[in-house]
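What follows is calculated from the coordinates using simple rules that are stated; it is not laboratory data. All of these numbers come straight from a predicted model, not from anything done at the bench. Methodologically, a virtual Cβ is constructed for each residue, glycine included, from the backbone with ideal geometry; neighbour enumeration extends over all protein chains shown.
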Amino acid sequence: MLKFLSVFYLSVIQLFSFSRMSSICGLILFGLLPCVVNAQDECFDPSGDCTLANPVEFQNTIFVSCGDTVRLDPTQELCNTWTIDENVNFNYGLGDDSLVVFVVVDQCYPEALFVDGITNTPSGTGIASCDTRQVYHLVPAIDTIQQGLDCANFASLDSLQASLPSSCGCDSLLVNYFLDEIIDTTYLYTQSCIPSEIGISIDTLTAGSGCDSILITFTELNDAPALFLEDVYACVGEVAVLQAYALEEGTYLWNTGSNDFSLEVSEPGTYSVTFTGENGCMATQSATVGFTDISVELTPTVAEHLLLSTNPLEVWQGSAIEMEVFVSNTPFPYEIIWDGGPEIGDTTFNYIASSSGSFQVAAIDSIGCAGVAEVEILVRPIGVYVPTAFSPNGDNNNDFFSVYSSPNVEEVRLQIFSRTGGTVFDEQLEPTEQLSQGIIWQGWDGTYRGKRLNPQLFAYQLWYRAIQGEWKNISGEVSLVK
């Protein structure tokens with residue numbers, strides 16, 4: 001650090017003030033020093049006429065600047081005698097100021113300047129007496145001289161106190177030493193990623209010549225790099241890929257040791273990556289890798305009277321099967337696709353069993369992981385049995401020409417025709433008995449318009465419709481016997 005050193009060497013000056021012997025001290029010269037009463041044993045009189053002892057002496061200290069002209073006033077007596085060294089450059093005043101002395105300050109004044117007040121004695125003998133004396137001490141102000149030194153000489157000084165003559169010859173001078181070699185001050189503007197290093201630092205360095213060199217460093221905060229890394233999920237059996245992305249050039253380092261911007265992962269867990277920018281600032285991000293093992297379960301529900309077996313699933317043709325799916329082991333939204341489509345989205349599906357085969361349902365989540373469930377279905381076709389004879393004789397045994405069907409038959413219509421082609425019976429049959437695996441439809445009782453017909457051969461035509469099916473028909477002959 002540059003330091004301007006000033007060395008003061010001042011003359012030690014005794015400053016006095018004046019007062020009369022009456023101990024009245026009422027006058028302060030120039031407002032600088034207090035006054036002090038001093039009595040002298042004898043009076044200096046250059047003419048030899050001063051015989052009075054103990055004159056009053058006034059000490060006056062005047063601070064002046066080199067080159068100034070200073071006015072010195074006489075005593076208050078009738079006449080004055082000045083004692084001034086011949087080397088002092090001065091002039092007497094003119095007119096009313098003829099007793100005044102004007103001193104040109106162009107040197108230092110080790111000796112005081114005197115003026116004696118001379119009065120006649122009352123005896124009238126003409127012998128003068130010295131009543132008072134004014135003593136002037138001129139103290140030139142310190143003159144500042146700037147003396148240039150190089151670093152080597154400046155550093156080798158034993159003492160920094162010195163006294164040199166000024167241009168006006170005054171001593172007690174202030175000498176201000178300074179370096180005439182320029183002390184370098186270097187300003188650095190840097191950036192740091194560490195908040196504690198932000199601010200201004202000042203370092204003082206020493207050059208080969210011994211001079212100080214100042215290094216002022218302004219450090220600003222350099223923001224951490226913007227680094228992006230997101231959680232990743234993949235399907236079980238696949239490879240998940242983590243991808244880190246920064247907005248600037250730099251290097252990547254994963255906690256696995258990989259230094260690519262992307263990382264292939266086959267195990268679930270938390271992975272972290274540290275990015276180092278070109279300016280040395282770093283940023284770290286972590287992400288979770290998970291694997292989805294989506295699970296799908298399919299539960300079929302069939303009306304009990306249409307269900308033949310649960311394992312394997314066996315139903316009557318035309319049976320309505322309600323399929324319900326349960327999806328688990330995925331945190332993501334998913335879609336359900338029933339038996340290859342087009343039904344999508346619902347967790348239940350109504351399926352009409354038309355033929356044997358497999359029924360499938362798939363669930364696909366938003367990251368593409370899929371699970372499939374499958375049910376094998378055995379479908380038993382519609383069964384209708386029509387007897388070839390009946391005996392409506394009232395013995396409660398085959399008294400009706402009844403129709404027997406599988407439980408999946410929804411409606412039955414029976415028509416009976418005579419040999420001549422006349423219609424003797426045409427009705428929609430009602431089920432009279434529900435068996436575990438079939439239905440009995442009560443048919444014709446062998447009468448026509450309330451009269452029992454004689455035994456004979458009749459033709460019939462049977463119409464039936466299965467559940468969720470279309471009408472079908474069969475025909476044949478039936479014998480009415482006793």
(request) Take peptides 414-423, 449-458 and line them up by average Cβ neighbours within 10 Å, highest first, as a rough protection proxy. (result) 414-423, 449-458
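Which of rounded, prolate or oblate describes the range 295-380 when judged by the alpha-carbon gyration tensor and an a/c cut-off of 1.5? All intermediate terms of the calculation are to be shown ahead of the outcome.
Working: a/c = 2.55, a/b = 2.30, b/c = 1.11.
Prolate, since a/c reaches 1.5 and a/b exceeds b/c.
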(request) Mind jotting down the distance between the C-alpha centroids of the range 234-302 and the range 367-406, whole Å? (result) 59
(message) Sort 315-322, 226-233, 251-258 by the packing proxy (mean of other Cβ within 10 Å over each peptide's residues), most packed first.
(response) 315-322, 226-233, 251-258
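Rank by packing, highest mean first: peptides 68-74, 83-89, with packing defined as the count of other Cβ atoms within 10 Å averaged across residues. Can you show the working numbers first?
Working: 68-74: 15.9, 83-89: 11.7.
Descending mean neighbour count gives 68-74, 83-89.
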